[in-house]
Amino acid sequence: MRLIRLSGQALAAALALFCFPGCDNSKIEVYRVEKEQDSQSAQISEAPGGASGGSVTWQAPADWEEQPSSGPRRGTFKIRGQNGGEAELSITAFPGDVGGLLANINRWRGQIQLPPMAEPDLAQVVTLLSGSSGNMLFVDIVSADSSKGGQKSRILGGILPLDAETWFFKLSGPDEIVAARKDEFKKFLETVKAEATPLLATSAEKSGSNTNAPTPPVLATTTAQPDYKAPPGWIAQPLSPMRLASFKITGSNGAEADVSLVSLAGMAGGDLANINRWRDQLKLPPLSEHDLASVSSHVNINGHDFLVTDLVSAEPLPPLNRKVRIVAAAAHKGEQTWFVKMTGDVDLVGTQKNHFLDFLRSLSLAGATGRDESSAQ
């Protein structure tokens, strides 16, 4: 497990992608009504200490006492301290991207009587938790003074954004108890597993949150858009806070493919982690570092060293019930990693692979460099 420190500027571009489950405004009340319809089916016991919340599963330590949950809560645990005190873990999920990261962190801060913080300061309390499922953000906030009962309070959180919803794992209580469970909580977050979500833009667009990117939370801030030339037949799509370019490709018999260009901060988890994440989307088993060369190769294109991979699912996948193919390329440049990814019907992606390589040849990252964020580390 590794904690990757993020700069405030790198996180700023991702603010609109995350929400906070505990606010009391009317917008959240609407989502509570919507989620309550399937809350009972989401509570499925799998094994002692294990649980499921629909598309997400986790494995809780044996001494965490499970409590009844309803509405947007997919899980609740009581965690006891050595001196009789208690902390609570709440697990909630809300559709889409309900709010922004900065506002939600500031709401959590308000709960323990801390003043709001500015965007450049987010890196002080938010890190990317490596070793967990997908793109888990880890949050650690402690009150400045004794805010309740003569003792400090602390909030540890995990935020997991998926295509159609965002999941929150929030451990709150007396600082003494929560701090003592910090390593245990991180290990718990490592057990969180999310089922693969629909891969094509047509299904994700229903929620308005499609990204088709390997690690969406850690966006790099760019000073200029990259230059490129779209191949014939690639239909430009609306951009999102993550996508610097987006295309749809259509074929015969309803076949579709989706192409995205995304820039992420730093190494974005590394080559092996990203390839294994894409393999997981295709329901393929993970590879070891030793096997990486068997599914990828380095190609120098237009002055950029791209790691290119070509993956095919072993079986048909939803939503079109066809085999799915991913052709992706990653290039590290300065403090950023650039991803070009084509996902879709296995045959259509195969016929478009040469166009994909043409797109890489046309791609110029010379003017799209990241800002100097060393002072914010």
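The values are calculated or read from the model by the stated rules, or taken from the named source; none is laboratory data. Owing to the predicted nature of the structure, the values given are computational and were not obtained by experimental measurement. Quick reminder, even Gly has a Cβ in these numbers, built from the backbone with ideal geometry, and neighbours come from all protein chains shown. Remember, those area values only see protein heavy atoms, side chains included, never the ligands or the DNA or RNA. Shrake-Rupley method; radii C 1.70, N 1.55, O 1.52, S 1.80 Å.
Below is a table of values for the structure above.
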item	result
Radius 12 Å from Cβ of S297, net charge of other residues (Lys, Arg +1; Asp, Glu -1)	-3
Segment R80-L287, length gained on full extension (0.36 nm per residue, minus Cα span)	70.6 nm
Shape call, the stretch 244-291: gyration tensor on alpha carbons, a/c limit 1.5	oblate
Solvent-accessible area per residue, Å², over the stretch 256-353 with all protein chains present [probe radius 1.4 Å]	41 Å²
Dipole of the stretch 278-346 [Lys/Arg +1, Asp/Glu -1 at C-beta], most positive-end residue of L284, N321, S297	N321
Share of carbon and sulfur in the accessible heavy-atom surface of the stretch 235-362 [1.4 Å probe, %]	52 percent
At R0 = 30 Å, FRET efficiency that the Cβ-Cβ distance of K182 and A273 yields, to 0.05	0.85
D175, D121, D63, ranked by accessible area, largest first (probe 1.4 Å)	D63, D121, D175
